[in-house]
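Quick notes on the structure that follows.
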Amino acid sequence: MEKYDHKKIEEKWQKEWAKDDLYRASDSQDKPKYYILDMFPYPSGAGLHVGHPKGYIATDVFARMKMMQGYNVLHPMGWDAFGLPAENYAIKNKIHPREATEKNIETYKRQLEMLGFSYDWSREINTTDPEFYKWTQWIFIKMFEKGLAYESYEPINWCPSCKTGLANEDLEGGKCERCGSEIEQKPMRQWVLKITDYADRLLNDLEKLPEWEESIKEMQKNWIGRSEGAEVDFQIDGEKVTVFTTRPDTLFGATFFVLAPEHPLVKKVTTDEQKKEVEKYIKNAAKKTEMERTELAKEKTGVFTGAYAVNPVNNEKIPVWIADYVMMGYGTGAIMAVPAHDERDWEFAKKYDIKIKKVVVETDDSKSQKSKVKSQNCNSKIKNDEAFCGEGSNINSSFLDGLKTNDAKEKMIAWLEKKDLGKRAVHYKLKDWVFSRQRYWGEPIPLIHCEKCGIVPAPEDELPLKLPEVEHYEPTGTGESPLANIDEWVNTTCPKCGGSAKRETNTMPQWAGSSWYYLRYIDPHNNKALVDKDKERYWSPVDFYVGGAEHATRHLIYARFWHKFLYDIGAVSYEEPFTRLQHVGLILAEDGRKMSKRWGNVINPDEIVEKYGADAMRVYEMFMGPFSQAVSWSTNGLVGTRKFLEKVIRIKSKVKIQKSKLQLKNQNLERLLHKTIKKVSSDIEEFKLNTAVSAMMILVNEMEKEEEIDENVYENLLKILSPFAPHLAEEIWFSFAKASEDKSKYQESIFKQKWPEYDHELARDEKIELVLQVNGKLRDTIEVDAETEEAEAKKLSLESEKIKKWVEGKKIVKIIFVRGKLVNIVIK
RNA sequence: GCCGUGGUGGCGGAACUGGUAGACGCGCUGGACUUAAAAUCCAGUUGUGGCGACACAGUGAGGGUUCGAUUCCCUCCCACGGCACCA
């Protein structure tokens, strides 16, 4: 047997492919295009572990098949290189974040190249490259000009002892990870993007994405969280306070009123006796994160303000409380509480002994609405000690009495609108996007504050507005960006009036670059426009986008939002950026935990490639389990795919080179080959890469049993294997140039060959095992022609000796026949 | 807590649209080859009972629908991803 020197083979072909520019995507537009994209990585200091490339391997398999199927494939890679870790590393080690980032990129790139990916490296991008972020800044300015960016005071996590803002990740149970002090929510001047303006389109257009996984669409729907209802105006001490409710039909059941602790009216309406307690409560609430506040399981807390609100439907006075389960960011920051029909209100009322008034009763219909109610996680049946959140019909509700929930809602809204006490309204859970960070290592926000002219965007021809070179990246102590300390940077002139002005010192979040980077690959060196229109029309949209499920909501919603905006200003020609979306499941460590330095269970791909080869690792990662599921790594399992590749080499010696057209063909093997081509092609298309590999294993096992293998069969095996094990397939392919009659085809890369097509007739089963059941239990199987019809199948099954034994003396109730599958005899 | 995903042999997993549960791989057991080992090949490998043919049980737990359920429905348990400043 030939020795499998993976190292030699892999290095050789990686060089050859690069030399021949085999994977360069052509802009000539003479072939159908296919744009397949990986979510680009953040190059961290730790380098890749074996889990990272799983998605990249899969897209590479897909891209190579598409290439062989005649597509002009765009399969690029780049770096999402701004971000907090580089900045923290820089502060700690006194290295410029750019240097650290460049070093990390070098490592990542080396590690990716050793796996033999078909990336078009001529299109490599980097979000920290000024030529790239020039356009990130350009998009921001366009949004600012369209009124989609606004300033607002938004809270950050503030550590009073470190005097710095902290990411949510740097908190441990509400305390600073470093020094352990209590974290405060400190309002900072921030830039916010009005993503809510796009809420309806982001939601509705999900329907235009049939090739997205349902689960991800579902998550986005819930993230946007559209709910229909009404805004209702209450009066507190003569002040109008609007609440939003999805259940205007329960207005008569409102027995108290709750304001968020941050609500501006709180201070105004609180009575002197309650002042102390209210203030204490507000201070405490400021310490809690949103998640802590909304936890349904947590005991509700609140304080009475001493004030009363007037319910507009019946002029009843109901007590006004403040409670942290009401959020300023959702709805209006105020709610009418209907304890009889809302679980949280119920709990609150029980705890503080507030009146509960039932206004909806269960009807026969409400039982059938279980599933709808379930999504609200509420009780659909009336139990003695719980709120009833289902639909039913109204009681104790004056003009709504006897109406079903939906009708009651409508009637109430009409009534409110007529009396000018409220209106129909839609609210979203989606919040505007806090778009600024008080950090150094991000894109500077290209705005200038002028006392005379207000806020003025930097002129387009001055972009990119580059990050200044500085010595220190330490936090300022005020919570502002380190840029605020650089006078030469901050002080500038106003582009409008020429007077002295100050630059914006906030930078953009890491999400900025990743919200549009896929467009840059199309035209990576353009410095005149975001993207050339003609190229964009050809390459867009991304046909297939693959990446981690953790991006299901934020990254993918942000990118869709930016894309729609770019569409609106005419910069791109399609409304949705990604046609097909697939998420990759994690590779866990052998112990079943996440791979992490902390657990010491990280497996480095360098070692695996060194020992077993890139091809064995590629095949293994595709074989180890369903693509979108988390699977534990097993180096033992990897041995199996390595053996499989060795077997492919071993059976090469059995290949009979075709000397003439007339020859005896091995029918069974040929049939299996066509079945395998069919399965592997459709499995790759559907991203069922694990079963594609096992289908090839079955074929190779059969080939091994034969004395001789037709050249044609082996050649096709190589072709379907080549996307998975490109180096090995290419090596064997070229080795045939010496022996074969048809030398020419073996002198050109296997990736320039045509992807094999299967013969329908040969891929079809002639004979099948017909399953014979009695009362649904398997009792016998018989081999029959695949086309066997019902009457014949029934006759055959009743002739079976084994079946006779079971049926004897029993009454046959009926016989079920499933074509090509089974006969089930039901007896009594 | 909320949203999403998943739970099948000793292990990773397979099973079309409700139709033979355990493909393929790992591991393990026995055998062939070898002075020996490695590699390779052959046979076996869900559990229980049986020499065997075979029978019964079996896809996180419990219930339901069906001629038939890993697959559909209900209740529950467990693990993982996300929850807006980690990317």
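The values are calculated or read from the model by the stated rules, or taken from the named source; none is laboratory data. Keep in mind it's a predicted model, so treat the numbers as computed, not measured. Backbone-built Cβ (ideal geometry, glycine too); neighbour counts: all protein chains shown. Accessible surface areas use protein heavy atoms only, side chains included; no ligands, DNA or RNA. Shrake-Rupley method; radii C 1.70, N 1.55, O 1.52, S 1.80 Å.
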> Rounded if a/c is under 1.5, else prolate if a/b is larger than b/c, else oblate: which is region A:637-768, with a ≥ b ≥ c the root eigenvalues of its Cα gyration tensor?
Replying inline: rounded
>> If you fit an axis through the alpha-carbon atoms of helix A:84-93 and take the longest principal axis of the Cα set of chain A, what angle between them do you get, 0 to 90°, nearest 10?
In response: 90 degrees
> Taking a ≥ b ≥ c as the square roots of the eigenvalues of the Cα gyration tensor of region A:702-828, is the shape rounded (a/c under 1.5), prolate (a/b larger than b/c) or oblate?
Replying inline: prolate
>> Please list, in order along region A:478-493, the HN-Hα scalar couplings obtained from phi with the Karplus expression 6.51 cos²θ - 1.76 cosθ + 1.60 (θ = phi - 60°), rounded to whole Hz, x for Gly and Pro.
In response: 9, x, 6, 5, x, 4, 5, 7, 9, 4, 4, 7, 5, 7, 8, 10
> Under the definition of Cα pairs under 8 Å and six or more residues apart, what whole-number percent is the relative contact order of chain A?
Replying inline: 14 percent
> At a 1.4 Å probe radius, carbon and sulfur cover how many percent of the accessible area of chain A?
Replying inline: 48 percent
> Under Stokes-Einstein, with the Kirkwood radius over Cα pairs standing in for Rh, what whole-number D in µm²/s applies to region A:127-260 at 4 °C and 1.567 mPa s?
Replying inline: 65 µm²/s
> Roughly how many Å² is the accessible area per residue of chain A, as a whole number, for a 1.4 Å probe?
Replying inline: 47 Å²
> Just how many % of Cα pairs in region A:205-345 lie over 17 Å apart, if you round to the nearest whole percent?
Replying inline: 63 percent
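Compute the relative contact order of region A:36-115 as a whole-number percentage, counting only Cα pairs closer than 8 Å that sit 6 or more residues apart in sequence.
43 percent
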> Given H placed 1.01 Å from N in the peptide plane, which residues other than close sequence neighbours of residue A:164 have an amide H under 5 Å from its amide H?
Replying inline: A:159
> Over region A:579-732, what is the relative contact order in whole percent, taking alpha-carbon pairs under 8 Å and six or more residues apart?
Replying inline: 26 percent
> Using θ = phi - 60° and the Karplus form 6.51 cos²θ - 1.76 cosθ + 1.60, what ³J(HN,Hα) does each residue of region A:181-192 get, whole Hz, x for Gly and Pro?
Replying inline: 6, 5, 8, 10, 8, 10, x, 10, 6, 9, 9, 10
>> Is there a quick way to get the dipole size of region A:534-638? I mean about its Cα centre, with the Cβ of Lys and Arg at +1 and of Asp and Glu at -1; what is the value in debye to the nearest 20?
In response: 320 debye
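With the Cα gyration tensor of region A:100-197 giving a ≥ b ≥ c as the square roots of its eigenvalues, does the rule (a/c under 1.5 for rounded; else a/b larger than b/c for prolate; else oblate) give rounded, prolate or oblate?
Taking the square roots of the gyration eigenvalues as a ≥ b ≥ c, region A:100-197 is oblate.
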> Long-range amide H contacts for residue A:585: which residues qualify at under 5 Å (H placed 1.01 Å from N, peptide plane, sequence gap of 5 or more or a different chain)?
Replying inline: A:628, A:629
>> Quick check: convex hull of the Cα atoms in region A:1-146, volume per residue, rounded to a whole Å³?
In response: 171 Å³
>> Could you work out how much longer the chain between residue A:789 and residue A:235 gets when fully extended? Use 0.36 nm per residue separation minus the Cα distance between them, nm to one decimal.
In response: 191.7 nm
>> Taking 31 Å as the cut-off for C-alpha to C-alpha distance, list the pairs among A:31/A:767; A:19/A:466; A:15/A:594; A:656/A:752; A:7/A:752; A:283/A:502 that go past it.
In response: A:31/A:767; A:19/A:466; A:15/A:594; A:283/A:502
>> Output wanted: per-residue J couplings in Hz (rounded whole) for region A:13-22, from phi through Karplus 6.51 cos²θ - 1.76 cosθ + 1.60, θ = phi - 60°, x for Gly and Pro.
In response: 6, 4, 5, 4, 4, 5, 4, 7, 6, 4
> Pairing the Cα long axis of helix A:689-705 with the longest principal axis of chain A, what angle in degrees results, from 0 to 90 and rounded to the nearest 10?
Replying inline: 10 degrees
>> So if I restrict to the alpha-carbon atoms in region A:480-577, what is the Rg, and what is Dmax, the biggest pairwise distance, in Å?
In response: 17.5, 50
> Roughly how many whole Å is it from the C-alpha centroid of region A:451-528 to that of region A:240-258?
Replying inline: 45 Å
> In nm, to one decimal, how far is the modelled label at residue A:451 from the one at residue A:189, with both set 7 Å along Cα→Cβ?
Replying inline: 1.4 nm
>> How far apart, in nanometres, would the label points at residue A:569 and residue A:607 be if each is projected 7 angstrom from Cα along the Cα-to-Cβ direction?
In response: 4.9 nm
>> List the residues, sorted by chain then number, that are 5 or more residues from residue A:542 or on another chain and whose placed amide H is less than 5 Å from its amide H.
In response: A:579
> Can you list the trypsin sites (Lys or Arg not before Pro) in region A:60-162 that are in a DSSP coil and have 13 or fewer other beta carbons within 10 angstrom?
Replying inline: A:94, A:146
>> Please compute, for the alpha-carbon atoms of chain A, the extent along each of the three principal axes and give them in descending order in Å.
In response: 102, 88, 49
> Which pairs in the list A:103/A:754; A:92/A:276; A:186/A:423; A:268/A:429 are over 32 Å apart, alpha-carbon to alpha-carbon?
Replying inline: A:103/A:754; A:92/A:276; A:186/A:423
> For residue A:810 and residue A:706, FRET efficiency with R0 = 45 Å and r from the beta-carbon atoms, rounded to 0.05?
Replying inline: 0.40
